[in-house]
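See structure below.
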Amino acid sequence: MDLKKIKLGRSDLAVAPICLGTMTFGEQVDEPTAHEILARSLERGVDFMDTAEMYAVPTRAETYGATETIIGNYFARNPGVRQRWTLASKVAGPSRGMAWLRGGSDNLTAADIVSACEDSLRRLQTDVIDLYQIHWPVRHVPAFGNPYFDPAKVRNDLAGTREQLEGLAQLVKAGKVREIGLSNETPYGVMDFTRVAAEHGLPRIVSVQNPYCLINRSVDNGLDEAMYHEQVGLLAYSPLGFGQLTGKYDSSGHDGAGAPQGGRLQRYDSVRKGRWGRAESLAAARRYNALARQHGLTPTVMALAFCYTSWRVASTILGVTNVAQLDECLDAWGTTLAPELLAQIDAVRWEMRDPSN
């Protein structure tokens, strides 16, 4: 595979255009299988991985930090392998509803960021995280299935952009973090973080990790413009729409009933009740899957090629549960979509919009 490295933002941090997502490690994927996936990924040239303190997903107290621990054990058991990876992790945003994480706090202070990173470094058994991201904003934003901003929910008693950047700056200065980024962000957030960094001489974000796939192209509604002008790279997660764009749910009920066992939509109630479990999301996915087959492609290949070839995407994050899935996703690299197919994809979006937004 010819995976030419791409520099993130204005930094010198160059990453592979495909990233191994790890949120399944410790829940759907046991430690031996996770280590097999990591080894196969590296064998095929994918040396960029993303994790987070709150993983595995779905989140619960019993598996908090499990993914980073599994990765740390992989590094420890394979001397020298850490140096071959570009490692990204994330500090969770306000942890309301997760009492096991900072007591379910509504806030994320500079001290919280530093403490969380140090805990992640211990679990990961490494001295430095190459890309450290804020998993979701401290402030109220339209995200995770809520498309509307509500001024009544704005709070002025929480850590602002400058304080968060100052916490991240401490980590960069100490050599514990190389570069910083955001996740689940908005155009306003990107502009505010870059502005405050410039005004106060603080580290500049190099990336934003947001969902991007055929059933959720909300990035195209203005975030792409902000990221382009501010030179911030997009790390696209859920390129297969939580499995809906693989075709495996095409003959199931709208809630995943009757689908193959083991899929996230079928397995987890929290997913079925969220943005990915909407009947509209599956209906749109089925339209795209049918379109792929009409053009002689598998749904998986078309969905991944859409992300792999988009000018918006710096790196596409793959979440898999076994080596075979990883190979299938990597084999889609190099596929291009004809202009007429891209036009048909846009026509479906015009009709069905972004149902998993």
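The values are calculated or read from the model by the stated rules, or taken from the named source; none is laboratory data. The shown structure was predicted, so the numbers you read here are calculated from the model rather than taken from an experiment. Note: ideal-geometry Cβ built from the backbone for every residue, glycine included; neighbour counts use all protein chains shown.
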Name the single residue, out of those in the range 81-111 being hydrophobic (A, V, I, L, M, F, W, C) and in contact with a strand residue (DSSP E or B) (Cβ under 8 Å, 6 or more places away or on another chain), that is surrounded by the most Cβ atoms within 10 Å (Cβ to Cβ). ALA88
Residue list for the range 48-82, restricted to those being over 11 Å from SER120 (Cα atoms), outside any helix (DSSP H, G or I), out of contact with any Phe, Trp or Tyr (no Cβ under 8 Å at 6 or more places or on another chain) and among the hydrophobic types (A, V, I, L, M, F, W, C): VAL57
Among what's in the range 129-149 and is surrounded by fewer than 17 Cβ atoms within 10 Å (Cβ to Cβ) and either among the aliphatic types (A, V, I, L, M) or within 19 Å of THR161 (Cβ to Cβ) (or both), pick the residue that is modelled with the lowest pLDDT. PRO142
Could we say that PRO94 is in contact (Cβ under 8 Å) with a residue 40 or more places away in the chain and more than 25 Å from SER315 (Cβ to Cβ) here? yes
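Can you pull out the residues in the range 17-46 that are under 15 Å from TRP85 (Cβ atoms) and either basic (Lys, Arg) or surrounded by fewer than 21 Cβ atoms within 10 Å (Cβ to Cβ) (or both)? Lay out the reasoning, then the answer.
From the range 17-46, those under 15 Å from TRP85 (Cβ atoms) are 18-22, 25, 34-35, 37-46; that's our starting set.
HIS35, ALA39, ARG40, LEU42, GLU43, ARG44, GLY45, listed by residue number.
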Please work out which residue is farthest from ASN78 (Cα to Cα), limiting yourself to the range 1-39 and to residues that are in contact with a helix residue (DSSP H, G or I) (Cβ under 8 Å, 6 or more places away or on another chain) and in a strand (DSSP E or B). ILE18
Within the range 167-201, restricting to residues that are touching a residue at least 40 places away in the same chain (Cβ under 8 Å), within 18 Å of GLU118 (Cβ to Cβ) and of a type outside the set (D, E, K, R), the one that is surrounded by the fewest Cβ atoms within 10 Å (Cβ to Cβ) is GLY175
For SER115, all conditions in the list (1) over 25 Å from GLY65 (Cβ atoms); (2) surrounded by fewer than 19 Cβ atoms within 10 Å (Cβ to Cβ) hold save one; what is the number of the exception? (1)
Would you check which residues across the range 272-305 are within 10 Å of GLY247 (Cβ to Cβ) and outside any helix (DSSP H, G or I) and list them? THR298
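Do we find a residue being of a type outside the set (Ser, Thr, Tyr), under 16 Å from ASN289 (Cα atoms) and in contact with a helix residue (DSSP H, G or I) (Cβ under 8 Å, 6 or more places away or on another chain) anywhere in the range 306-326?
Let us first name the residues in the range 306-326 that are of a type outside the set (Ser, Thr, Tyr), namely 306-307, 311-314, 317-320, 322-326.
Okay, now just the ones that are also under 16 Å from ASN289 (Cα atoms), so 306-307.
Filter again for in contact with a helix residue (DSSP H, G or I) (Cβ under 8 Å, 6 or more places away or on another chain), leaving 306.
Yes, that holds for at least one residue.
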Please enumerate the residues belonging to the range 108-144 that are touching a residue at least 60 places away in the same chain (Cβ under 8 Å) and under 21 Å from VAL208 (Cβ atoms). ALA110, ALA116, CYS117, SER120, ASP130, LEU131, GLN133, HIS135, PHE144
Hey, can you tell me all the residues within the range 150-166 that are assigned to a helix (DSSP H, G or I), surrounded by fewer than 20 Cβ atoms within 10 Å (Cβ to Cβ) and touching a residue at least 40 places away in the same chain (Cβ under 8 Å)? ARG162, GLU163, GLU166
Before we move on, is ALA92 of a type outside the set (Lys, Arg) and under 21 Å from the mean Cα position of the chain (by Cα)? yes
Determine the pairs where a residue that is touching a residue at least 12 places away in the same chain (Cβ under 8 Å), located within the range 1-24, has a partner that is among the acidic types (Asp, Glu) and outside any loop (DSSP other than H, G, I, E, B) with Cβ atoms under 6 Å apart, the partner being 6 or more residues away or on another chain. SER11/GLU179; LEU13/GLU179; CYS19/ASP50; GLY21/ASP50
